[in-house]
1. Quick one: Cα convex hull volume of segment 2-204, Å³ per residue?
2. Given Cα positions, please report Rg to Rh for segment 16-87, the hydrodynamic radius being the Kirkwood one.
3. What is the distance, in nm, between label points placed 7 Å from the Cα along the Cα-to-Cβ direction at Arg205 and at Glu144?
4. Between beta-carbons, use under 13 Å as the cut-off and find the net charge around His49, counting Lys and Arg +1, Asp and Glu -1.
5. At q = 0.14, 0.18 Å⁻¹, what base-10 log of I(q)/I(0) does the Debye formula yield for segment 87-152 when every alpha carbon is treated as an equal point scatterer in vacuo?
6. Using a 10 Å cut-off on Cβ atoms, rank the peptides 169-182, 26-39, 125-138 from the highest mean neighbour count down.
7. Starting at the first residue of segment 109-114, write each ³J(HN,Hα) from the Karplus equation 6.51 cos²θ - 1.76 cosθ + 1.60 with θ = phi - 60°, in whole Hz, x for Gly and Pro.
8. Compute the relative contact order of the chain as a whole-number percentage, counting only Cα pairs closer than 8 Å that sit 6 or more residues apart in sequence.
Amino acid sequence: REAADELAVAGQLPRFLLMYKFAIEELMTKLRILSEEFDFVHRHDPIEHITSRVKRPEAIKEKVRRRGLGDDWIAAAHVLDDIAGIRVVCPFVSDVHQVARMLTAQDDVELLRTKDYIAKPKANGYRSLHLIVRIPVFLSDRVEKVKVEVQLRTIAMDFWAAVEHKLSYKYADSVPDDFAGELAAAARTAADLDARMAALHERIR
Ligand code: 0O2
């Protein structure tokens, strides 16, 4: 554990976090293949871009503390669903569902949980489809099953979430009511934009 902390201090990933990096790399490859092959067959790429991150040790410690999961943050970290995170940004809402279906249909991708904030947006207006999946990572002497949170959203949803994150950050936990109301209205505008773009897409198909 101490060695793990030393590595973290040195700005490298502690050993146990490497597993999450590998899981991300495997899923990124799966998503790139889906993107390229779907584009080849259907003349439409369902993925605009993909980003990923392994949660920083400081952020893991903070979440473990906030959730009251004990003092041993490395042991407790495995309970968290979002140490490994991938964000898939798609042109259209239909692409979000298409990519989710294609990914979870794969034999080695185990779907643990779905949080559909598109069907049921958060109170602040946040929309995205979150999948908690588990995939096997093949190591030199064993196979580890690793959880990854995959967030799928449209470009409009991503724009809203990125800007909301920046704006709300300033208020910490106490966003004023009028500000929150404006953000929620902006989220509805983003949803409207998605619907209009989908209608245009339908017309040219
Ligand atoms: P980061 O920097 O992306 O890692 P919890 O994780 O405990 O907060 P829960 O229920 O486990 O809550 O997860 P939830 O709410 O399904 O998803 C959490 C992640 O979704 C967040 O991660 C964000 O990436 C994204 N998210 C959820 N709600 C919002 C929102 O209102 N606005 C924005 N911009 N993003 C949101 P982290 O850990 O907060 O941050």
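1. Details: hull volume 28.1 nm³, N = 203.
Taking the convex hull of the Cα positions in segment 2-204, it is 138 Å³ per residue.
2. On the way: Rg = 16.1 Å, Rh = 13.9 Å.
Here the Rg-to-Rh quotient is 1.16.
3. Placing both labels 7 Å along Cα→Cβ, they lie 4.0 nm apart.
4. Numbers: positive: Arg32, Arg87, Arg153; negative: Asp45, Glu48, Asp95, Asp158.
Overall, the nearby charge balance is -1.
5. At q = 0.14, 0.18 Å⁻¹ the computed log10 ratios are -0.46, -0.69.
6. Numbers: 169-182: 10.1, 26-39: 15.7, 125-138: 19.4.
Order by mean packing, descending: 125-138, 26-39, 169-182.
7. Computed from phi, the couplings for segment 109-114 are 10, 9, 8, 8, 7, 10 Hz.
8. Details: 280 pairs, mean separation 39.8, N = 205.
Normalised by residue count, the contact order of the chain is 19 percent.
Read the figures in this text as sums done on the coordinates, not as results from a lab. Not measured: the values here are computed from a predicted model. As a convention, Cβ positions derive from the backbone with ideal geometry for all residues, glycine included, and neighbour counts pool all protein chains shown.
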